[in-house]
Amino acid sequence: MQCADCGNVMLRILTWIVPRSEGECFAGDRYVKNIDTYPALHFRVKPIWYGQLEKRYRIILDEVYVALDQGLFYVASTGFRTAIELLINNIIGDAGTYKQKIDSLVKNNVVSKDEASVIDAIIDAGSASAHRGFRPTKKLISHMAE
């Protein structure tokens, strides 16, 4: 297939199911059981501000976006946590717990309280993925990527 807008070419493999009897589905029908796309479709487009990030953060997020595209939500979750932790350490230093670091960001007017709660949730999800085998849902990982 080729995209009419951007010209991107991809391969799609459709696995069809043909019913063995009329009772499996409507008489004469067949349906697609699975669709595989190569390369994988993008789970999420990188945000506009992405290009303004320092190279060290883009390198991490590039891997996170590849993980998202491949459905590797454990990996993406811990990757988001890693990127945020490095950014926080760059801003305020590596001092204290995550909670103390986030409180320092709010105190220094780097982020709002609402933004701090989002950061805390992303770090918590990434920690849960790394330490307790938490796999975010598609909806949750999409929110983490916002």
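FYI, it's all coordinate maths here, none of it is from the lab. Treat the numbers as computed from the prediction; the structure is a model and nothing was measured. Ideal geometry is used to build each Cβ from the backbone, glycine not excepted, and the neighbour counts take in all protein chains shown.
Show me the ranking of peptides 134-141, 1-8 by mean Cβ neighbours inside 10 Å, starting with the highest. Write out the running numbers ahead of the final one.
Numbers: 134-141: 14.6, 1-8: 7.8.
The packing order, highest mean first, is 134-141, 1-8.
How would you order 100-109, 52-61, 119-128, 77-86 from highest to lowest mean count of nearby Cβ atoms within 10 Å?
Ranked by mean Cβ neighbours within 10 Å, highest first: 77-86, 119-128, 100-109, 52-61.
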Farthest towards the positive end of the dipole of the chain, among Ile122, Phe134, Asn34 and with Cβ unit charges of +1 on Lys and Arg and -1 on Asp and Glu, lies the Cα of Phe134
Relative contact order of the chain, pairs being alpha-carbon contacts under 8 Å that are 6 or more residues apart, as %
19 percent
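Run the helix sum for the chain: -39,500 (n - 2.57) per DSSP H stretch of 4+ residues, divided by residue count, reported at 222 nm to the nearest 500 deg cm²/dmol.
Working: 5 runs with 73 residues, N = 146.
One gets -16500 deg cm²/dmol as the mean residue ellipticity at 222 nm.
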Return the lysines within reach of Lys101: Cα separation strictly under 21 angstrom, same-chain partners fewer than 8 residues apart disregarded; answer none if there are no such residues.
Lys113
List the DSSP H helices in the chain whose Cα atoms stretch 24 Å or more along the helix axis and whose mean Kyte-Doolittle hydropathy is at least 0.0.
73-92
